[in-house]
Structure formats: structure tokens, C-alpha cells
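The values are calculated or read from the model by the stated rules, or taken from the named source; none is laboratory data. Predicted, not measured: the structure shown is a model, and the values here were computed from it. Counting neighbours? That spans all protein chains shown, and the Cβs are built from the backbone with ideal geometry, glycine included. Note: areas computed on protein heavy atoms with side chains; ligands, DNA, RNA excluded. Shrake-Rupley method; radii C 1.70, N 1.55, O 1.52, S 1.80 Å.
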Amino acid sequence: EVQLQRGGGWVQAGGSLRLSCAASGFTFDDEYSIGWFRQVPGKEREGVACISDGSAYYADSLKGRFTISSDNAKNTVYLQMNSLKPEDTAVYYCALDTSPTPTYTDLEFHLSAARYAYWGQGTQVTVSS
């Protein structure tokens, strides 16, 4: 059930990082939703990206810089982060929703933290100016 995250760290603005999250106790399938979220002190957890029902979804402000991908055979999800900015500094979490994705959902639903029942331990990403 645990999700082990790797790939956090410190980079200068404009740099790149790749996060990974490997799940144990689950077998990924096409009906699972997997996502990335981030949180800074004093703010709500923010949806970054997810894969639901075979499609990728991104927060509008991050689309074009971040890319989510998965390898179901390895039960692993990745987040490639490019052109990082200081405002990207946060603790990043991977998450898993094992329930089938409802039909006729919008971006807000896909990136809603409340939807996801299983969470990684989080990893710090710090971007300096």
C-alpha cells in the first residue's frame, strides 16, 4: 500500500527534475487514476497532474512544463519537471485512486486531492532564484 517517492532535491531556476513513485501492494490497471500534487506551508494541496482513464490532465498553470507518465508493468508513475521556477518549490506527493473514473468529469475532479485514497510520503523540491 505504500508509495515510495524519489527524485526530489534542489535546483536553480530553469533546471529540471524527474520524480518517481513506485507503489507496492497494488497492480496498476487502466481504471486506476494516478496523480501528482504539491503543497507549501499554509496553503491547500494543489493538483499538478494526473492520468485518469488513459488521459493526462494538468493544472493550467503547469501545462507545457510538467509531464506525467506511467509504467504500469512497474507500478510506477513519473513527473518530469522542466523550466522550474522558484514558485514550484513545494513538497510533492504522488497519489493513487483505485476507483473507476466516473464519466463526464472535469479537470477540477481529476485534480481533486479528496479523490485519492493512497498517498506517497512526499518529497521536497526546492527551486532557487
- Query: Since Ser24 meets every condition but one in (1) surrounded by fewer than 17 Cβ atoms within 10 Å (Cβ to Cβ); (2) of a type outside the set (Asp, Glu); (3) modelled with pLDDT of 90 or more; (4) over 11 Å from the mean Cα position of the chain (by Cα), which condition does it not meet?
  - Reply: (3)
- Of all residues in the stretch 90-102 being free of Cβ contacts under 8 Å to residues at least 60 places away in the same chain and hydrophobic (A, V, I, L, M, F, W, C), which is farthest from Gly122 (Cα to Cα)? Ala90
- Selection count where residues are open to solvent by 20 Å² or more (accessible area, probe 1.4 Å) and small (Gly, Ala, Ser), scope the stretch 71-96: 2
- Being surrounded by 15 or more Cβ atoms within 10 Å (Cβ to Cβ), of a type outside the set (Asp, Glu) and closer than 24 Å to Ser24 by Cα narrows Tyr116, Tyr58 down to just Tyr116
- Query: Across the stretch 71-89, which residue is nearest to Val127 (Cα to Cα) among those that are at pLDDT 95 or above and under 12 Å from the mean Cα position of the chain (by Cα)?
  - Reply: Met81
- So how many residues does the stretch 16-69 have that are under 23 Å from Gln124 (Cα atoms) and aromatic (Phe, Trp, Tyr)? 5
- Message: Regarding the stretch 108-117, can at least one residue be identified that is part of a helix (DSSP H, G or I) and in contact with a Lys or Arg (Cβ under 8 Å, 6 or more places away or on another chain)?
- Response: yes
- Note on the structure: Screening Ile51, Ile34, Ile68 for residues that are closer than 19 Å to Leu4 by Cβ, open to solvent by less than 60 Å² (accessible area, probe 1.4 Å) and modelled with pLDDT of 95 or more leaves only Ile68
- Query: When Arg6 is evaluated against the numbered criteria (1) touching a strand residue (DSSP E or B) at 6+ places or on another chain (Cβ under 6 Å); (2) within 14 Å of Ala90 (Cα to Cα); (3) open to solvent by 50 Å² or more (accessible area, probe 1.4 Å), which criterion, by number, is the only one it fails?
  - Reply: (2)
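Confirm whether Gln12 is more than 19 Å from Glu108 (Cβ to Cβ), modelled with pLDDT of 95 or more and not small (Gly, Ala, Ser).
Yes; evaluated as a whole, the condition is true for this residue.
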- Those residues that are open to solvent by less than 60 Å² (accessible area, probe 1.4 Å) and within 15 Å of Tyr57 (Cα to Cα), I need them from the stretch 97-106; list them, please. Asp97, Thr101, Thr105
- Query: Restricting attention to the stretch 113-128, which residues are in contact (Cβ under 8 Å) with a residue 24 or more places away in the chain and either over 21 Å from Asp88 (Cβ atoms) or basic (Lys, Arg) (or both)?
  - Reply: Arg115, Tyr118
